[in-house]
Each structure stands twice: as C-alpha cells, then as structure tokens.
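Note sheet for the following structure.
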Amino acid sequence: LEASMAMAQNVVELARTLRSANRLRTRQPLARAWIAAPDRGTTLDQELLDLIAAEINAKAVERISSGSDLVDRRVKVLLPKVGKRLGSAIPAVMAAARDGDVVFQSDGSVTLAGMTLAADEVEIQATPRPGTAVAEDDGLVVVLDTELTPDLRAEGDARELARAVQDLRREAGLALDDRIELWVADAPASLDPHLPSVAADTLSALVIGVIPAGVQQASVELDGATVTIAVRRLA
C-alpha cells in the first residue's frame, strides 16, 4: 500500500510539472491522462486512479502499457558509465539504441544488443505525440492530453471565476459563509451555462444588470476575456 501510494504521489508530481511546462492552469480540467507504471509489485487500483484524477484535475486517468503508441521512448546510453564494462560491445549497443531496438525491464534496466544496462547507466527520453505531454521517471511514464475543447476551457474559466469571487469576498470583509449578491459583467457566452454552478459554489445570488456604485468589484483575466465581478452581502 505504501509503495502504491508513493507511486501515485510520483504520478501527481510529474503531472503537475507537465502542467507548469505546458502553461496549463491548475484549475483547467483536462480530458484525460494515461499512466504506464513499471511492474514492481505495486498496483494502481481504480480507487487510486480516481484519487490521482482529482489531484491532477483530469476527467479520467487510464493505465496503458509501456509499449503504448502514446509514447515513443528512446534510450540514451551513458557512455562514461558503461564504456569500460561493455568494451567491444559498445558499437552494437549504440546501434540498437539508435534503432529503438530495446527491451525495457520492470526494474528500470534495459536490454540492448543482448547486453543489460542498469537504470543508472541509461537515460530514458520519452517523446509525446501531438496533443499530449509526457514525463518519465525511473520507468514511470505519465501522459497528459493537452488538447482543450471549448467546453473544457469554459469549465476552467468557471473555476477561475469562482476562485476570484471568493477572493473578492475576503477583500470586501465578508465571511465565507455569508450569502452574497454577485454581478458578472462582460463574460463570454461560453460561460453562461456555468454561472449557476459558480453561484451555488460561492453562496451567491446572481444579479442581472448594471453594477451599482460603491459595490466592491474586480477584474478577472480568463482564457481570452476580461470579466468584471462585483459582490455585496445579501440583504
């Protein structure tokens, strides 16, 4: 159980690194993620996969094999570490690495041209296919679907908007359990279906119309739009 949890935590860390590298906001939902995990006596059951999905904000997380066509894994042989040991076998080993003729072992080692190289004697380079991002660590591969549909973008905007409403609530000196009136101006039409859920999540009553003078307000930068929000305690 401890080993499985450690693997799950590693998956989450790799996914968060990929999000940052690809400028994907933490609150932006992703359609799916895939995991290729080494077989070392640990398992990622459905409960752990669901936990990972919640932590990395993905709609679904699926297990794939290390040979999946989602990932092209290449091996870079670390010559300073293996040169003396391999000797005359080096040309054949390097040729196998270039050709991708490699067998990945469950303990992180690889076999090239009949020679086994330990995990610390090679560097595994994972290359993603278009529309994905991939990270690898000691045989564990995490792939994120980086393609964002309009619906996913709108859902991400709604979560950013809810966060901004709570921030503005605090700035206005309102308690988190105070019911409030909420104005949302200049929001893109794609956000309209999500406004009721934003209101429910923030204990707000949506108000249609011009923002009254003197009401606490702020601007929120969403995906391609600047929205104005305003709040006050519900009378």
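Summary of computed values
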| item | result |
| --- | --- |
| Difference of contour (0.36 nm per residue) and Cα-Cα distance, LEU234 to GLN216 | 5.2 nm |
| Solvent-accessible area, 1.4 Å probe, carbon plus sulfur percent, for the chain | 50 percent |
| Only Lys, Arg (+1) and Asp, Glu (-1) charged, at Cβ; region 43-102 dipole about Cα centre in debye | 680 debye |
| Sorted peptide list for 83-95, 49-61, criterion being average Cβ within 10 angstrom, highest first | 49-61, 83-95 |
| Dipole magnitude of the chain about its Cα centre (Cβ charges: Lys, Arg +1; Asp, Glu -1), debye to nearest 20 | 500 debye |
| Spin-label pair ALA189/ILE64, simplified geometry with 7 Å Cα→Cβ offset, distance in nm | 3.6 nm |
| Approximate shape of region 119-196 as ellipsoid semi-axes (Cα gyration tensor, √5λ), whole Å, largest first | 41, 18, 8 |
| Computed lengthening from ASP137 to ALA118, 0.36 nm per intervening residue step minus Cα-Cα distance | 5.4 nm |
| Given [x] 11.5; [y] 16.4; [z] 12.8, the label whose value is mean projected area of the Cα convex hull in nm² derived from this model | [y] |
| Computed P(r) (all Cα pairs; region 150-235; 10 Å bins; percent) | 18, 58, 22, 2 |
| Taking region 1-100 and dividing mean pair separation by its residue count, relative contact order in percent (alpha carbons under 8 Å, at least six apart) | 27 percent |
| Net length gained if the chain between ARG129 and ASP151 were fully extended (0.36 nm per residue, minus Cα distance) | 5.7 nm |
| Inter-probe distance in nm under a simple model that places probes 7 Å from Cα toward Cβ, at ARG98 and ARG27 | 5.1 nm |
| For the chain, accessible area per residue (1.4 Å probe, heavy atoms of protein chains only), Å² | 53 Å² |
| Extent along principal axes [Cα atoms of region 7-77; Å; largest to smallest] | 36, 29, 20 |
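The values are calculated or read from the model by the stated rules, or taken from the named source; none is laboratory data. Every value quoted in this text rests on a predicted model; they were computed, and no experiment measured them. Don't worry about glycine lacking a Cβ; one is built from the backbone with ideal geometry, like all the others, and counts go over all protein chains shown. The protein model used for the area step is the full one, side chains on, heavy atoms only, and it has no ligands, DNA or RNA in it. Shrake-Rupley method; radii C 1.70, N 1.55, O 1.52, S 1.80 Å.
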